[in-house]
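See structure below.
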Amino acid sequence: MRRIAIIEDEPAIRANYADALRRHGYEVAAYASRPEAMAAFRTRLPDLALVDVGLGDEVDGGFTLTRELRALSATVPIIFLSARDSDFDIVAGLRLGADDYLTKDASLPHLAARIAALFRRADLSSSPASAEDVIERGSLALDVKRMTARWNGHPVDLTLTEFWMVNALARHPGHVKDRDALMREANTVVDDGTITSHVKRIRRKFQAIDPAFDRIATVYGMGYRWSPA
């Protein structure tokens, strides 16, 4: 049975998520504070950690916890689940080593799907990729089995949603993908503004490796496309 750790300072929210995940068949360990969680992690690591950013008096306690957990394990999947939805918080969380960042308005089925996807990725990460699992588009290489992306040989740290959006665009270069197609292929339901924010973050991540990156083109009034080299 997979063991999920929930680190959330609000008792009602903590209990709600714990009950929902137990119904999905997971073993759940719930903690109200960073010190409590870390004391437990030093004895036994969870299979996945679900972390709030603000923990009691520690405004950024979840960020500190992620640093500490990453020092214990580079591979335990970490998802931030927070009411804080600014680009600064999202980028900060992902840069610290989290695998995904969701806001608390995400539905429980959506959260469960993201958790299951991370477990699938963890299960497959040690197995070699076959040729059909790898998509190459010039400098881009996507490993669909492991859900990893590389640009000019350098890893690009994409969240699951960002990975599937890049996959949807790059699989058919030149084809325009509208909002509905991107949502469907990224397994998410968001508004137009959120799609735009995802695309901006994806571009920034590629441009951090290659400032000249310009493969994702906006087709105004229609959507986005991956431009061939």
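The values are calculated or read from the model by the stated rules, or taken from the named source; none is laboratory data. What you are looking at is a predicted structure, and each value in this text was computed from that prediction instead of being measured. Here Cβ is always computed from backbone atoms with ideal geometry, including for glycine, and neighbour counts include all displayed protein chains. Heads up: the accessible areas ignore ligands, DNA and RNA and are worked out on the full protein's heavy atoms, side chains in. Shrake-Rupley method; radii C 1.70, N 1.55, O 1.52, S 1.80 Å.
With respect to Phe88, is the statement that it is outside any loop (DSSP other than H, G, I, E, B), at pLDDT below 95 and within 22 Å of Pro109 (Cβ to Cβ) true?
Numbers: outside any loop (DSSP other than H, G, I, E, B): yes; at pLDDT below 95: yes; within 22 Å of Pro109 (Cβ to Cβ): no.
No; evaluated as a whole, the condition is false for this residue.
Annotation note: Cβ proximity below 9 Å between a residue of segment 52-73 that is at positive phi and a residue that is in a loop (DSSP other than H, G, I, E, B) (sequence gap 6+ or interchain) occurs for Gly56/Asp9; Gly56/Ala32; Gly56/Ser33.
Within segment 180-219, the residues that satisfy the criterion of being modelled with pLDDT of 90 or more, open to solvent by 40 Å² or more (accessible area, probe 1.4 Å) and farther than 21 Å from Val144 by Cα are Arg204, Gln207, Ala208, Pro211, Ala212, Asp214, Thr218. In the condition set (1) farther than 22 Å from Arg14 by Cα; (2) assigned to a loop (DSSP other than H, G, I, E, B); (3) open to solvent by 40 Å² or more (accessible area, probe 1.4 Å); (4) of a type outside the set (A, V, I, L, M), Asp123 is compliant with all but (2).
Has segment 156-176 got at least one residue that is within 13 Å of Lys205 (Cβ to Cβ), assigned to a strand (DSSP E or B) and either small (Gly, Ala, Ser) or at pLDDT 85 or above (or both)? Yes, the conditions are met somewhere in segment 156-176. Tell me, yes or no, whether segment 27-34 has at least one residue that is open to solvent by 10 Å² or more (accessible area, probe 1.4 Å), within 23 Å of Asp157 (Cα to Cα) and assigned to a loop (DSSP other than H, G, I, E, B). Scanning segment 27-34 turns up no residue that is open to solvent by 10 Å² or more (accessible area, probe 1.4 Å), within 23 Å of Asp157 (Cα to Cα) and assigned to a loop (DSSP other than H, G, I, E, B).
A search for C-beta distances below 7 Å between a residue of segment 210-229 that is free of Cβ contacts under 8 Å to residues at least 60 places away in the same chain and any residue that is assigned to a strand (DSSP E or B) and open to solvent by 70 Å² or more (accessible area, probe 1.4 Å), counting only pairs 6+ apart in sequence or on different chains, returns Ala217/Arg225; Val219/Arg225.
Restricting attention to segment 3-18, report how many residues are open to solvent by less than 20 Å² (accessible area, probe 1.4 Å) and under 9 Å from Asp52 (Cβ atoms). Adding up the residues that qualify gives 3.
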